[in-house]
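Take a look at the structure set out below.
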Amino acid sequence: MSQLEIRSVSHWFGGLQALKDVTFDTHDEILGLIGPNGAGKTTLFNVISGFIVPTSGEVRFNGKAIHRLRADQTVRLGLARTFQIVKPFASLTVEENVLVGLGMPYYPTSAALYQRYRTRSNLDQVEQILAKVHLTDYRSAQAAKLPIGLLRRLEIARALATHPKLLLLDEPAAGLVAQEAEELAALVRDLYAQGLHIILIEHNMRFAMNLCHRIVVLAQGEIIAQGNPTEIQNNEKVINAYLGQE
Ligand SMILES: Nc1ncnc2c1ncn2[C@@H]1O[C@H](COP(=O)(O)OP(=O)(O)OP(=O)(O)O)[C@@H](O)[C@H]1O
Ligand SMILES: [Mg+2]
């Protein structure tokens, strides 16, 4: 069965149509979502994760309609996301940021309640998550002081704390140097091997093509191609709309 079914999703911001009749399914895979700036990629993530109710169309997750649910409700069903512009709680430590993530399914609007989560068993969970994303050494560092490479991993750690089945990553490799991007690719592969399904938006084509099993290409709100990385790299429409400009 498809995990996520996106059916004829359209979205308008006033007079601007950001998504046009977008339809695709996801399966047990690492799926890439690529396309030029303004193609509608982040808007589609916002629709899937409950930040935006689409103007029309449907989204189903494991058979359940989710396009009218709030973000916290989609989190409880097993959907988690990271943001293109990282959003750590800057004054909190790395560990506290992940504690907020643990509380997210229950207290979505009250990050301040994270102190309630500071129990031994929750701290053990945080410890395991930090080890998974290689942030153990930074546990007590204030988030505001971390460089972008570590903030991107902290975003993933916070998302993992909600125990997702599907993880949406919005440009996880943006701003990373080659070595950091490779480490991140290894982390994403590990997460997939542990049973998570992943959709990632990327402009870093080397990263996306090496990592993704399948790729969906959006341009001006529409799907113009989908296929494996080789098919996408050789697709005329994709080269003209996007890859040719890189
Ligand atoms: N909240 C909003 N209000 C009005 N217009 C918006 C809003 N969010 C996005 N848009 C517009 O919708 C279109 C799609 O934007 P979106 O952010 O989804 O693109 P994207 O593919 O993620 O681009 P990028 O690669 O630059 O991140 C753009 O024209 C953008 O300006
Ligand atoms: Mg975007």
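What follows draws every value from the coordinates through simple rules; no lab data is involved. Computed from a predicted model, the values in this text were never measured in an experiment. Neighbour counts run over all protein chains shown; Cβ positions are idealised from the backbone, glycine included.
Each residue of the stretch 170-178 was assigned a 3J(HN,Hα) from its phi angle through the Karplus curve 6.51 cos²θ - 1.76 cosθ + 1.60 (θ = phi - 60°); the sequence is 9, 6, x, 9, 5, x, 8, 7, 3 Hz, with glycine and proline shown as x.
Expressed as an acute angle from 0 to 90° and rounded to the nearest 10, what is the orientation of the C-alpha long axis of helix 94-103 relative to the principal long axis of the chain? The two axes meet at around 70 degrees. From the Cα gyration tensor of the stretch 63-209, with a ≥ b ≥ c the square roots of its eigenvalues, which class applies: rounded if a/c is under 1.5, or else prolate if a/b is larger than b/c, or else oblate? Here the stretch 63-209 falls in the oblate category. Each of 164, 229, 176 was scored by the projection of its Cα onto the charge dipole of the chain, and the greatest displacement toward the positive side belongs to 164; charges sit on the C-beta of Lys, Arg, Asp and Glu.
For the stretch 173-213, what is Rg from Cα atoms divided by 2.2 N^0.38 Å, rounded to two decimals? Provide the component values of the computation, followed by the final result.
Values: Rg = 9.9 Å, N = 41, 2.2 N^0.38 = 9.0 Å.
Taking the Cα Rg and dividing by 2.2 N^0.38 Å, one obtains 1.09.
The lysines whose alpha-carbon is closer than 21 Å to the alpha-carbon of residue 237, local same-chain residues fewer than 8 away aside, are 20, 41. In the chain the Cα-Cα distances spread across 10 Å bins starting at 0 as 8, 32, 36, 20, 4, 0 percent of all pairs. Relative to the dominant Cα principal axis of the chain, helix 120-132 is inclined by about 50°.
Got a sec? How would 213, 11 order by Cβ neighbour count within 10 Å, fewest to most? Display every interim value, and only then the final one.
Working: 213 14, 11 22.
Ascending Cβ contact count within 10 Å gives the list 213, 11.
Residues considered: 199, 129, 85. Largest GNM mean-square fluctuation over the chain, using C-alpha springs under 10 Å, is found at 85.
Over the chain, what relative contact order in percent results from Cα pairs under 8 Å that are six or more residues apart? Don't skip to the answer; put the middle values down first.
Values: 473 pairs, mean separation 62.6, N = 246.
Relative contact order comes out at 25 percent.
Proximity of backbone amide H atoms, modeled 1.01 Å from N, is registered between residue 81 and 168 at under 5 Å, excluding neighbours fewer than 5 places apart on the same chain.
Can you give the convex hull volume of the alpha carbon atoms of the stretch 1-125 per residue, in Å³? Don't skip to the end; give the middle numbers.
Working: hull volume 17.5 nm³, N = 125.
Each residue corresponds to 140 Å³ of Cα convex hull volume.
The charge dipole of the chain, taken about its Cα centre with unit charges on the Cβ atoms of Lys, Arg (+1), Asp and Glu (-1) only, comes to about 780 debye. This model, with +1 at the C-beta of Lys and Arg and -1 at the C-beta of Asp and Glu, gives the stretch 107-246 a dipole about its Cα centre of some 660 debye.
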